[in-house]
Structure formats: C-alpha cells, structure tokens
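Here's the structure, in structure tokens; my notes come after.
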Amino acid sequence: TVAGGTTATRTVTLTNNGPQICQLQGIGIDPNDAYDEFGIVGGTVAVYSLGPGANLPLQVTFTANSKTPPLLRKADLSMTTNDPIVPSLQVPLTGTLQNQFYAASAWPKWHHDNANTGLSAADTSRNQGVVAWQVAIGRPPTGTNGPSSYIHSPVIGIDANGDDIVYMLGYNNWQPSPGPGTPGSGNGLFYAVYGTQSASPGATLWATPLTGPEALAQESTPTIVADNSIFLMAGGEQNHYPQFFHFDPDGNILWSGVQAIGGQTFPCSFDPTGATDCSQVSANPRVNDGFDTCPGFDSNGILYLFDDDQPGCDSYSSVTAGQPALQWSATCNAPVDSGGKGPHIESFSAALTDTSESVFSWGGTAVAVSAGGSELWGTLITGTLPMTTGSAAGPGQTGCENDSVGSPALDGTGTDAVIAFGGYDPTCTDINGGIVGLNLATGNQDWIYQFPTLPPPPAPWTMTPHGSAIVAYSSPASLGNGSWVMGYLDGVYAFAPPAGGTGAATQLWRVPTGLVLSSPAVGADGTVFFGSTDGNFYAVNGLGPQAGTLRWKLNVGAAINSSPAIGSDGTVYFAADDGNLYAVK
C-alpha cells in the first residue's frame, strides 16, 4: 500500500521443487497491468535455468502512477517453462493506492476506500467459513418505526504489532426513541476487539460507553485515520440529535460535538471531555434526523459528512484535540421527483474523487458537490421506475416512499459514479429498482441495470403500508474487472456495464438468497461476502469459470444486515442481529 507517486518493493521467490533443471523464459509483467505500475528490478529476465532445489528471488515493484480509483491494482508476474505439465506460470500481484490520511490498515472505513469499492487487497481464497470467535455486543432493540438492526459495519485498524483491531458499535442497553420528538435512552458501547492473528484473538481491548440518550450511532460506521484515532458519527434513523466523536487509540474521547448539519446551524459546542449531551443543549435542538453518514476524509484530511433530511452536506477540518473548524456547509438544490418531493439525502457514505468532489444520493436523487461546497449537478434517477414519492398512487393512497439509501461508488476509470435506486411501483404494491452509472462530469446517465419487479419483503423489513420499503440499502461493490455486485430483494446480482459505456448493463450471475441489505465485500481473489435477512452469511465465487457459485454459507440464526469488513489475513468480520460480532476464516 503506497501513496501516489511512490514505490514499494517486494520479493517473489521461485523455487524448483523437481529433480531436473527447469528453464524459465520471458519472466516479466503481463500486459494486464492497466496503469503500467508493476515492474521487476532489472527488467524482464529472458532466460534463466533453475537447478533442482534452487531458488530465484525476484524484486518486484509497485509504483502508484494513477491517483484515480480503483485503489486496488492488479497484475501478473508471468513466465513460460520447459515443464510439459506446467508450461506457464502466473503469480498474481496486487498493490493499493493509499489515502495517507487513513490508517494503513486492511479496512479503515466504510466499504474500504473513498471510492466505496468494497474491494480488498487481501487474498480470501483460503477462508473456509469457520467461526474463529464471536463477541457479544448487544442485541438490537425493537424499534417503533420499523426494525432495529445492525446495518452499520465493523472497520479495522492496527495495533503497535501490526495486528488487526476490529472496531464496532454495540447496542448495550440502548432503547430507541418511543416516538417523534422524544429521545431514546440508555447508552451504547464502542468496542475495540483483537483480530484473529493477534496473540489474544477475540479479546476486548476496550469498550467505551457513549453518553447521552442519542449517543448510539445506530447507522454509522466509524473511520480510522493515520494516527489510529477514530472518528464516529452519532444519531441515526430513530435519533434526532446529531453529534460526532473523536477517540484516541485507547478508547478515550478526544472531543465531541457538532456545529452545523446539512446547511443549518446546530448549537452543540465541541466538548473536549465528550460529556456534552447534544439532545439537551437548547430548548429545541432536534433536527429531522441525526447522522446516518459514515465519515470520509479527502487526501488533505478534510472531513465530509451530510444529513439525510436536509439537502446539504458539511466539511470540517480534522484536528487531534479541541474544536475542528467548519470549512463550509452547503445546501443542494437537486431536482424534485414526480410527486414534487425534493432532495432527501441518506447515503451512508459519500464517494470522494481524488479532487475532493463528493457524490451522495438518496431515493433516486444524486448530487455532486465540489471541494469548495458548491453543487456541481443534481440528477433525478428514474430508469424505468416511475418515482412516486409524495404523489397520489391510487384510491385512498397518499403515495409511496422510495427508500434507496445505499452509498455511491466510483468506477475504475474515473468516469462514472455507480448508484442504486429503488422503491414502490406506481400501484404502491410491488418494488422495483436498479443501478445506474452517472457521468461524474455532467451527472448524465451513461448506463443502467434494471432489477426485476418483486413483491416487497416480509415484515419487519417493510415499514408502514405505502410508507417505506427497505430496498437498495445494499451498496454496489467492485469485482475489480469493471463489473459490479450488489444485493437486492431476492439475492445478490453481478452485472457488467455495456462495452461501449452507454446503454443497458448485462447480468452476469445471481445467487438467490433472502433479502440482502448487506453491502458485499470482495476479496482480492474475487470472493464475494455478504449477509442476508435469512440468517446466513455467504461466500460466493465472483470471478472465473465458477463465478456465481456458492463457496460456503454460515447460518447464525438471525438477520445479517451488517456489511462485512475483510482483515489483512483474509478473515471476514460482521455483526448479526443475535447480538454478536463474528470473525470468520
């Protein structure tokens, strides 16, 4: 993992385990090195004779020439041999472009990187689906406005030994708001747990309680930065008092508070003790919603966040202690839908380009904002779905709310933002949706993949009639070859954008499961990991001749809506609604 323009060197050792001389020819990097970033010290080796038992160490380099997504780059070290059984060899190589503000760990933020690719540099081909450990973090309480569930996700930092530390929010004794205008109660615990390769796998390093009735971020995933401190949003779907926290690596709160949210001022001063309860700071501090967003930092260390009920976003400087400075707070004027409803932003994480432009979305609306806080474009995504939010939809019906809230991702060419949408059809009966590629420069639709129209999911995953169908919570993940994978009502779909860049995308495969709200994570070997409301955690072959086939599944007896995080050794971590954080390897 290297910064743009810098080089890392690793040793690849070839060993002749046979009894005869092995002649190697044309040892070099295959042409599949898209950015010409991999090389061999000394260049291509034309011919080399390797005697029985002999070794040939080769110095292989990776230089990050391109600073655009994908952050994970791949190539092959290849050669031919005089062995009739193995006439050619390919050694897979991977390198990762590092945003130097994030921790140099396996999975420092939501969906791994600023492009939200969900694509890991770790080889997961040896993950067999065996539970290495499970840690009780609290069972999600029953919500009054729909189900409570672990839809936020673990992230991974590193300790002084270079071992993985898994961070996850737990519910502890939290009880959600009983109704509009009334705070929840209790507290949550923010956990740090040793990963599988440490000396104490599964042991809790610390568990910090969050103070105040809104201090549990039910829907936000933390982010780990280069000094291994952690940023965490607070106040989720049923919480209405926004607050965010900065922790040191030992679990101590460096500061908490909030200045503005989605273009409006919110009077909760930054408190270096973290003790201030933002729900009590004024006579009427409540906003329409709290923070669902997961923190994202650009390469300059500027923090981006936004609120789902306000059509805007905010940018803060980030400091180790004290009060961060608000850079800008922008209100966006994206187009309204056919029912006259304007932007209602609820992406869990904005996608950030290398020029610090942000793209975020909610319910069929996508917005791009410049690094200075000005709106670049706003697009209403409809595809073949008539957007019916807020409009009349039949006798006695007041309309259907579309609720696609997955995060945008950026494709590997820097051309498109890949965004899902979904909701009720015009009859308020069935669900349909899809995924589009929007041109980053203009916001125009380049391509689309349309999911099938299906009945809404069973209770509790459908809210009040015609109110809110939980659909398109799953965010697209990259398969690393230009193709994408994403969850839907009846399983996980993989699809490829059209070869010419415009038109209809092609379905590659589908794995039938229950409802998938989990956003897939993809190993460097192409294995796709995701959970489902059917109680199973799945590993699916994403690439090659076995693409779309099940490698294994693990049943935990409760819904798994948390998106997985992939550790440096290929272990996969996720939370389930049975109240446990799992490590699977």
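The values are calculated or read from the model by the stated rules, or taken from the named source; none is laboratory data. Keep in mind the model is a prediction, meaning the values are calculated, not measured. Every residue, glycine among them, receives a Cβ derived from its backbone with ideal geometry; neighbour counts consider all protein chains shown. Just the protein is used for accessible areas: all its heavy atoms, side chains included, with ligands, DNA and RNA removed. Shrake-Rupley method; radii C 1.70, N 1.55, O 1.52, S 1.80 Å.
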So how many residues does the stretch 540-585 have that are under 19 Å from Phe495 (Cα atoms) and crowded, with 23+ Cβ neighbours inside 10 Å?
2
Criterion violated by Ser125 - all others in (1) assigned to a loop (DSSP other than H, G, I, E, B); (2) among the small types (Gly, Ala, Ser); (3) crowded, with 24+ Cβ neighbours inside 10 Å; (4) in contact with an Asp or Glu (Cβ under 7 Å, 6 or more places away or on another chain) satisfied
(3)
Residue by residue through the stretch 298-314, note down the ones that are modelled with pLDDT under 75, open to solvent by 10 Å² or more (accessible area, probe 1.4 Å) and over 20 Å from Ile151 (Cα atoms).
Gln310, Pro311
Of those in the stretch 260-297 that are farther than 30 Å from Thr117 by Cα and part of a strand (DSSP E or B), the residue modelled with the lowest pLDDT is Gln264
Take the stretch 528-547 and flag every residue that is part of a strand (DSSP E or B) and either over 16 Å from the mean Cα position of the chain (by Cα) or small (Gly, Ala, Ser) (or both).
Gly531, Asn536, Phe537, Tyr538, Ala539, Val540, Asn541
For residues that are of a type in the set (Ser, Thr, Tyr), more than 17 Å from Ala226 (Cβ to Cβ) and not in a loop (DSSP other than H, G, I, E, B), tally how many sit in the stretch 156-173.
0
Of the candidates Ser370, Ser391, the one satisfying the condition of being at pLDDT below 75, more than 21 Å from Leu515 (Cβ to Cβ) and of a type outside the set (A, V, I, L, M, F, W, C) is Ser391
Considering the stretch 72-122, residues that are open to solvent by 60 Å² or more (accessible area, probe 1.4 Å) and assigned to a strand (DSSP E or B), and then whichever is nearest to Gly195 (Cα to Cα), we arrive at Thr94
